[in-house]
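Computed from the coordinates by the stated procedures, all read-outs in this text should not be read as laboratory data. For clarity, every value in this text was computed on a predicted model and none was experimentally measured. So basically every Cβ, Gly included, is an ideal-geometry build from the backbone, and we count neighbours across all protein chains shown.
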Amino acid sequence: MSRKRNFLIRFLEFFAIGLVFGIGEDLLAIRLTTNASITLEMIGLVFIVTLPFAIFSELIVDHPGFWKKIWPAKDKDEEKQEL
């Protein structure tokens, strides 16, 4: 796949999963715990709170190379030496 297509797919995934579901679950939690009515002001505030978490989880943590940088794979020779 081309870089442009990969970027578009990741951005759409970020938007759909990170923002839409994040906002939806936050609004649901607020509604169920406080019984408050959902207003445009509340949606705006939830969006502001959800945005950084969505960016971190969808664009940084879900990046294909993220976990390889955190926990690099050991060489097979290193694994044999540990045994």
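With the simple spin-label model, which puts each label point 7 Å out from Cα in the Cβ direction, the residue 55 to residue 16 separation comes to 2.3 nm. Converting phi to 3J(HN,Hα) with the Karplus coefficients 6.51, -1.76 and 1.60 and the offset θ = phi - 60°, segment 27-36 yields 5, 4, 4, 5, 4, 6, 8, 10, 6, 7 Hz in sequence order, with x at every glycine or proline.
Tell me whether segment 1-49 comes out rounded, prolate or oblate; compute the Cα gyration tensor, take square roots of the eigenvalues as a ≥ b ≥ c, and use a/c under 1.5 as the rounded threshold. Before the final figure, lay out each step's value.
Working: a/c = 5.38, a/b = 3.17, b/c = 1.70.
Here segment 1-49 falls in the prolate category.
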